[in-house]
Amino acid sequence: MLQILFDALSLGSLYALGALGIALIFGVMRLVNFAHGDVIAFCVFALLWPSTDAMAIVFAGQLPWYLLVPFVLLCGAGLSVLCEVVVFRRFRQANPATMMIASFALGFVIRYFLLMLFSSRPKSISLLPELSQPVEILGARLPLLQLITIVATMVILIGLTLFLRQTRFGLEMRAAAENFSMARMLGVRANRVIMGAFALSGALAAAIALIFGAQTGTLDIQMGASIMLMAFIATVIGGLGSLGGAVLAGFLLGAASVIMQVMLPIDARPFRDAFVYGAVILVLLFRPQGLIAARGTKERV
Amino acid sequence: MGVAASLTNSTAAGAAAAERKPARFALARRTILTPVLLSLLLLAIALITVMTGSRPFNQTVIDVFVRVILVVGLYIFIGNSGVLSFGHIGFTCLGAYAAAWLTINPMMKRGSLPGLPEWLLATRLPYWQSAVLAALFAALAALIFGRVLMRLSGIAASIATFAMLAMINTIYSNWESVTGATSSVVGIPIVRMIWPYLIGAVVAIFIAWAHAISRSGLALRAARDEPTAAAASGIDIPRERLVAFVVSGAVMGLGGALMAHSIGVVTPDTFYLGLTFITLSMLVVGGMGSLSGGVVGVVLLSALIQALRWLEAGVSLGESTFALPKGVQEIALGVIMIVILALRPSGLMGNRELTLPRSSRNK
């Protein structure tokens, strides 16, 4: 039972972090960032030296953890800000569909850039191997990593909340998310806020990359995609632009996946995802604006 | 006397009404040039292909025509309703598998797909019949899903259609006895002639045109541009969206069936995110507000992809061979798409249709 709870929490953590990264950018720019998954993949591959061999040549991955973590976070934030400066800045006035397709095209570029450097074969590495030992808590054997995932997510969420609530920059960002043009008129610098949002979102992508890479031990160019899709759905169920909603929905989706895995009859288990997506449609039917509707996203007449 | 007076009266009233109301088919006559020109464009491509007579080129052009069907199918819903749908490739998947069920040799079917019902196991239809049935099957699925999904709008609708795509994909990748799960279903008769695909594409274009100028299509476009005003004028938005959803579902199913016949093999993952995004990109790059935009987007992006592939394979310039490293093709495609969208955010065609200059002056 405890095992299920922890499974749900750790899967939910990944989805919640991903959803947060997408919601942050949507909040300030109304951009649904499809390149997010590829930023995740890029961060994982930042640990390796470029080579097309099947064997992974670990480069940055050999650093001790207190250097490794900031390095990957910086990679993610840097790439994300770069995307903003080079690409998304030109699309501020475009309609959402155009921006969405542009972000998809950008993700495509990142993915094939990785493919060129690393080839499409999955690579196995052991990232921070000491984390996979099991620990015993309240009679359940859990991998230490799962515990760290949950704790790290909690720390990130609390830190982010404090940042958004207590600092001036956080205040500006929340103001921009609520009503962008009004915030600009009141002296919030648009470029700074948007770049800040991209940097945060990139760092969150890097955090997912670290956790996911350590969990699975294999690196694959496609690996960002599956998380991104669930995160993307979580953002919408949570209420687009609402950060709290994104986190809540991320955990709910994780819980739904794990619970269905356990509760469904054996025959129906391969179809688990179909049930999860069915539940998503149901939620949207009853609350099309999301679980926690963000202010300012309501359509005005 | 009285009768005659009332007769003249009624004719006068009729004449007045005719003056106020545009003549019948006026809209059709004014807009028919667009589908005709687009069809002529495709016909020209087909004729050039047949004249060169090269096999690989033939296959490429068939792919282009299949994509035209898919993108036109997307346009019918997305372009007219303004709601971005990620789920339409799901209907393509349904159409392709339906075509596979109907056309594979019964002996092979019994071995590879034993879970099919008996009557389906025994049938074997020619490809064009199966394509029509596949389109109807996809339309039925669109009707069922649409009844639920069309109550949503905006980004929630987009995500719900995406969830639908993921559901269809999960079911088709796991239902071993009926869809062969993730392994490919082989033995679909391959049609190598170019004409069926051309006819399919032209039919799709004319369906899109007919829907766009129909009462329902006009109402839907009004609702896209001014939802509140349209709803206040008595337009039932979910209903008009459902009509477009079903029509586009049918066209996507047709495209799926023809796609199955063009490659002869279907797997669930052929009809998933990759195809969704490439078709959506073609629509958006061409301009999602117009039918011409969709068709032009397909033709241009396909030509671009093909040119980059040739470069990747190597082109001999005099003595030396010039070849791009692997992966550059996709990167260049992505970069070019971003540049086009940055320069022309509403797509290459804007929201205009392709017509002759004369007809636009008459407006």
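Where in chain A is the longest stretch that carries no trypsin sites (Lys or Arg not before Pro) classed as loop by DSSP and with at most 12 other Cβ atoms within 10 Å? Write down the numbers at each step before the final one.
Working: sites that count: A:R295, A:K298, A:R300.
Longest gap between qualifying sites, sites excluded: A:1-294.
Using 0.36 nm per residue, how much length does the chain from A:T216 to A:L82 gain when fully extended, once their Cα-Cα distance is taken away? Intermediate results must be reported in sequence, preceding the final value.
Numbers: separation 134, 0.36 × 134 = 48.24 nm, distance 2.82 nm.
Difference between extended and current length: 45.4 nm.
Using Cα pairs under 8 angstrom and six or more residues apart, how large is the relative contact order of segment A:2-223, in percent? Each step should come with its number before you reach the end.
On the way: 294 pairs, mean separation 88.4, N = 222.
Averaging sequence separation for qualifying contacts and normalising by length gives 40 percent for segment A:2-223.
In percent, how large is the relative contact order of segment B:56-194, given Cα pairs closer than 8 Å and 6 or more residues apart? Display every interim value, and only then the final one.
Values: 130 pairs, mean separation 48.3, N = 139.
It comes to 35 percent, rounded to a whole number.
Take the eigenvalues of the Cα gyration tensor for chain B, scale each by 5, and report the square roots as semi-axes in whole Å, largest first. The partial results should precede the final answer.
Numbers: eigenvalues 289, 152, 89 Å².
Three semi-axes, in Å: 38, 28, 21.
Return the whole-Å distance between the Cα centroid of segment A:152-182 and the Cα centroid of segment B:149-198.
Each part reduced to its Cα centre gives a spacing of 40 Å.
Using helices alone, what [θ] at 222 nm do you get for the protein assembly as shown, with -39,500 (n - 2.57) per DSSP H run of 4 or more residues, divided over all residues and rounded to the nearest 500? Walk me through the numbers before you get to the answer.
Numbers: 29 runs with 471 residues, N = 664.
After summing the helix terms and dividing by the residues of the protein assembly as shown, the value is -23500 deg cm²/dmol.
Give me the Kirkwood hydrodynamic radius of the protein assembly as shown, using the inverse of the mean 1/r over all pairs of distinct Cα atoms, in Å to one decimal. Mind dumping the intermediate values first?
Values: mean 1/r = 0.0374 Å⁻¹.
Roughly 26.8 Å, rounded to one decimal.
Mind checking the dipole of chain B: about its Cα centre, +1 per Lys or Arg Cβ, -1 per Asp or Glu Cβ, Debye to the nearest 20? Before the final figure, lay out the partial values.
Details: 25 positive and 13 negative charges, 197 e Å.
Roughly 940 debye, rounded to the nearest 20.
If you put +1 on each Lys and Arg Cβ and -1 on each Asp and Glu Cβ, how big is the dipole of the protein assembly as shown around its Cα centre, in Debye rounded to 20?
On the way: 45 positive and 25 negative charges, 415 e Å.
Charge dipole of the protein assembly as shown: 2000 debye, to the nearest 20.
Each label point is 7 Å from the Cα along the Cα-to-Cβ direction; what then is the distance between the points at B:L40 and A:W65, in nm?
About 7.1 nm, to one decimal.
Mind ranking A:246-258, B:88-100, B:278-290, A:93-105 by how tightly packed they are, going by the mean number of other C-beta atoms within 10 angstrom, highest first?
On the way: A:246-258: 23.8, B:88-100: 29.9, B:278-290: 25.8, A:93-105: 21.3.
My ranking of the peptides, most packed first, is B:88-100, B:278-290, A:246-258, A:93-105.
How do A:2-9, A:38-45 rank on mean C-beta neighbours within 10 Å, highest first? Kindly include the intermediate steps, with their values, before the conclusion.
On the way: A:2-9: 16.6, A:38-45: 28.2.
Top of the packing list down: A:38-45, A:2-9.
When you look at the Cβ of every residue in A:279-292, what mean number of other chain Cβ atoms sits within 10 Å?
4
Amide H to amide H, which residues 5 or more places from A:L219 or on other chains are under 5 Å from it, using H placed in the peptide plane?
Amide H neighbours of A:L219: A:K123, A:S124, A:I125.
Using label points projected 7 Å from each Cα along Cα→Cβ, tell me how many nm separate B:A28 and A:Q166, to one decimal.
7.1
At A:L264 and B:S183, where each label point lies 7 Å from the Cα along Cα→Cβ, what is the point-to-point distance in nanometres?
My value for the distance between the label points is 2.2 nm.
Among A:74-80, B:222-228, how do they line up by average Cβ neighbours within 10 Å per residue, starting with the highest? Kindly include the intermediate steps, with their values, before the conclusion.
Working: A:74-80: 22.6, B:222-228: 15.9.
Taking the mean over residues of other Cβ atoms within 10 Å, the ranking is A:74-80, B:222-228.
Which whole number gives the average count of other chain Cβ atoms within 10 Å of the Cβ atoms across peptide B:166-173? Could the numbers behind the result be given before it?
Numbers: counts 9, 9, 2, 3, 9, 4, 1, 4.
So the per-residue partner count for this stretch is 5.
Run the numbers on segment B:38-361 and let me know its relative contact order in percent, using alpha-carbon pairs under 8 Å that are six or more apart. Walk me through the numbers on the way to the answer.
Working: 519 pairs, mean separation 93.4, N = 324.
Computed over segment B:38-361, the figure is 29 percent.
Arranged by the count of other C-beta atoms within 10 angstrom, fewest first, what order do B:V186, B:V251 take?
Details: B:V186 14, B:V251 33.
With the sparsest Cβ surroundings first, the list reads B:V186, B:V251.
Quick one: length gained pulling B:I190 to B:L300 fully straight, 0.36 nm per residue minus the C-alpha distance? Could you put the intermediate results ahead of the total?
Numbers: separation 110, 0.36 × 110 = 39.60 nm, distance 2.61 nm.
Contour length minus the Cα-Cα distance gives 37.0 nm.
When you look at the Cβ of every residue in B:222-229, what mean number of other chain Cβ atoms sits within 10 Å? Working shown, then result.
On the way: counts 0, 0, 0, 0, 0, 2, 3, 1.
Across the residues of B:222-229, the mean count of other-chain Cβ atoms within 10 Å is 1.
With +1 on each Lys and Arg Cβ and -1 on each Asp and Glu Cβ, how big is the dipole of segment A:2-223 about its Cα centre, in debye rounded to the nearest 20? Please report the intermediate quantities before stating the final value.
Values: 14 positive and 9 negative charges, 171 e Å.
Value, rounded to 20: 820 debye.
Based on the Cβ-Cβ distance from B:T355 to B:R55, what FRET efficiency comes out when R0 is 35 Å, to the nearest 0.05?
Values: r = 36 Å, r/R0 = 1.02.
Efficiency, rounded to the nearest 0.05: 0.45.
Every read-out reported here was derived from the displayed coordinates using simple, explicitly stated rules and does not represent laboratory data. Just so you know, these numbers come straight off a predicted model, no measurement behind them. Please note: Cβ atoms are built from the backbone with ideal geometry, for glycine as well, and neighbour counts cover all protein chains shown.
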